[in-house]
Amino acid sequence: MRERPDDRSGWALGMARRQVLGIGGALGLMASTGLGTSAALARRPSVTGAELRSAVPLPPAFQVPLPVPSVLAPVSASGGADRYEIIQREVTAEILPGIRTPLWTYGGAFPGPTIESRRGRPVTVSHRNELPVPTVVHLHGGRTPPASDGYPTDLVLPAGWPEAVDDMPGMTNMPDMRRMLDPRAVRSRLRRDYTFPLDQRPTLLWYHDHRMDFTAPAIWRGLAGLHIVRDDAEDALGLPAGRRELPLMIADRAFAAGGGLVYPALDPGLRNRPGVREPYLAGILGDVILVNGAPWPVHEVDAARYRLRVLNASNARHYELEAVTDDGRRLDLVQVGADQGLLAMPVTHRLLPIAPAERYDVIIDFVGVPVGGRVRILNRLGSGRTRDVMAFRIARKATDDSRVPRTLSTDLPAWRRSDAVRVRDFAFRAGQMRGGHGWLIGGQPFDPTRSDVTTRLGDVEIWRLVADVHHPVHLHLVGFQVLSRRGRPPLPHDAGLKDTVSLRPGESVEIITRFDGYRGRYLFHCHNAEHEDMGMMANLEII
Ligand code: C2O
Ligand code: CU
Ligand code: CU
C-alpha cells in the first residue's frame, strides 16, 4: 500500500506528542530501571501505552447515533452448516461527521458484519483478501480446530504478493528472517475457508486479523467484527432480547489531518518492517472513543432492561465503566456473562473494568430514569474526552417482560486445584528483542518454530502469570477460570469462564483450565496488540 499523506501527518503528530510526553510513562519506568514487581505495584500506572492526538476537529459527545453492525446473511444454509463470504477490502467511510477515513474492512464496514450462530451448528466463512498485505483471520474465543484458528503465519496472500519469503522486498535485510520461515505455515492465495464447529457455550466472540508482527495496525485500521453464538437454553432465560440486546464494540482511535487513522508504524504500508515508533512501544491509545465505529455515540432506549454485550476491541486501552444518570446516580451493571458465556449467577458491579479483548455480558435497567433523561457510560480510567464513552437517552416508558434469573447456567466446569497435573509459571515482561525493545513471555520473544508449551489433550493445568505493566493475557482454544489474584481470591469481575485475563502492573494471577477440544498448534499471548506484535506470544501445542 502506498504511504498516504495522512500517515505522514500522523507521524509528525506522534513526534510532536513525544516532545510533550517524553518516553511513555510505564514503559520508560520499567525498561530503564528494570523495576521489580513490588516497586511497580507501588507506582501502579493507570494505563500502559501512549496517547496519539487527533488533528481534526472532534464532534461533541453523545450526538452521533449508535450504529449496530448488520448481521451477515449466509450465502447458503444447507447440509447442516452455514456458509458465509466476506471480502476484506479497503474502503473510505465517514466515522467522524464530515470526515472521510480510509479503512481496512471485513465486508466494507467497521466493525465488520456480525455473524449469528447456533451452538454446534458449523459455520464456514470464506474470506477473500483484496487488501494490499497478507491477512490471517482468528475467531477470538472460538473452539476451533487448528487449521482454522488463524495461526499468525497461515497467511492469506493478496494478489501479486510474492510467494517465497526470499522474494519479498526488504525481507533479506531482516536480521531474523528465519522466524518467518515457519515450516508448518499453511499459506493460501487470495482466499481461505475457515470452518468453525462452534461446539461451545454460547457467548460473544469476535473475529480479527492475526498476521504475525502486524496484528495491531491491522485491527486498528478496521479488521474486527463480532460473532455471536446462541443456544436454546440461553434463549429460554428471558434476558432482554431483540432491540433490547445491543453489542457494543468499544475501541479508541486517532485521526490525522487528512482524515485517516493515525498509527505510528515503522512501515506505514505494513508490508515488511514490523514495529512502532517511540514513544508508543508500550501500546497505542487514541483520543477518540468509538462504540460500534461511531465517536461517543448516543442511543435511544425504552425505560426498560437492556442486555449489553460489551467488547473492548482497543489495542491497548483499558476501561473502567460506570453508568451515570444526569443527577449523578450510578446504575448497577449486572453481569450475566463473561468471555466464555453465562455465569452461574449474576454479579452486580458499580464499576466494571474491561481490558483489551475481554467481553462482559451486562444487564442495565433504565426503568428508574425519567423519560428525556440520559445515562452516560463513562470510563473512570480516561481523562478529558476519553472519560466519555457513550450515552443512552431514555425515550419512552415501556413494558418489560424480561427477567434476570438467579441461576443463569449450571454447566460451568468445576476444576479443583487437585485436578491439575502440572503448574506452569509465565512472566510477562519488557525485555530485549532483535537488539531493540520487546515484550517477552518467560524472557523470550515469539518464535513460531519454537515449542513453548506442550500439553496432552484433556490435561488440567494451573498457570501462574505475573506482569510488569498491564498485560491482558489470552489463551486460544480454551476457557479458563481465575483461581487467585495477588495471592487472594479473584475479584468480582473475574467470575465465570474467561479466555482473557487482565493482569495489572505488578500483579500475579493463577488460572486453571482443561486443554480439551482439538489437538494441534495454538497460541497464548498478551492482547495488548502492540505487545503481541512485539514478541509477547508463545506456542501452545496440544498433543
Ligand atoms: Cu483475539 Cu490470538 O487473539
Ligand atoms: Cu483468540
Ligand atoms: Cu502486554
After finding the eigenvalues of the alpha carbon gyration tensor for the chain, what semi-axes result from the square roots of 5 times each, listed largest first in whole Å?
32, 28, 25
Output the Kirkwood hydrodynamic radius of the stretch 340-379, Cα pairs only, in Å rounded to one decimal.
12.8
Per residue of the stretch 267-278, what does 6.51 cos²θ - 1.76 cosθ + 1.60 with θ = phi - 60° give for ³J(HN,Hα)? Whole Hz please, x for Gly and Pro, Karplus curve as stated.
10, x, x, 6, 9, 10, 9, x, x, 10, 6, 5
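What's the whole-number percent of alpha carbon pairs in the stretch 320-445 lying beyond 26 angstrom?
Looking at the stretch 320-445, the distances longer than 26 Å represent 47 percent of pairs.
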For Val186, what is the net charge nearby, where nearby means another residue's Cβ is under 10 Å from its Cβ and Lys, Arg count +1, Asp, Glu -1?
+1
In units of 2.2 N^0.38 Å, what is the alpha-carbon radius of gyration of the stretch 495-543?
1.30
The simple spin-label model distance between Glu94 and Asp232, using points 7 Å out along Cα→Cβ, in nm, is 4.6
Sorted by chain and then number, the residues having a modelled amide H within less than 5 Å of the amide H of Leu198, at least 5 places away or on another chain, are Arg143
Listed residue (Gly120, Leu475, Gly487) projecting farthest to the positive dipole end of the chain, Cβ model:
Gly487
According to a simple spin-label model (label point 7 Å from Cα along Cα-to-Cβ), what is the distance in nm between Glu541 and Arg191?
3.4
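With charges set only on the Cβ (+1 for Lys and Arg, -1 for Asp and Glu), what does the dipole of the stretch 242-397 come to about its Cα centre, in debye to the nearest 20?
Working: 22 positive and 17 negative charges, 52 e Å.
The calculated dipole for the stretch 242-397 is roughly 260 debye.
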Over the stretch 242-397, one equal point on each Cα, no solvent: what is log10 I(q)/I(0) by the Debye formula at q = 0.09, 0.16 Å⁻¹?
-0.33, -0.90
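FYI, it's all coordinate maths here, none of it is from the lab. Keep in mind that this is a model prediction, so the values were computed, not measured. When we count neighbours, we look across all protein chains shown, and the Cβ atoms used for this are built from the backbone with ideal geometry, even at glycine.
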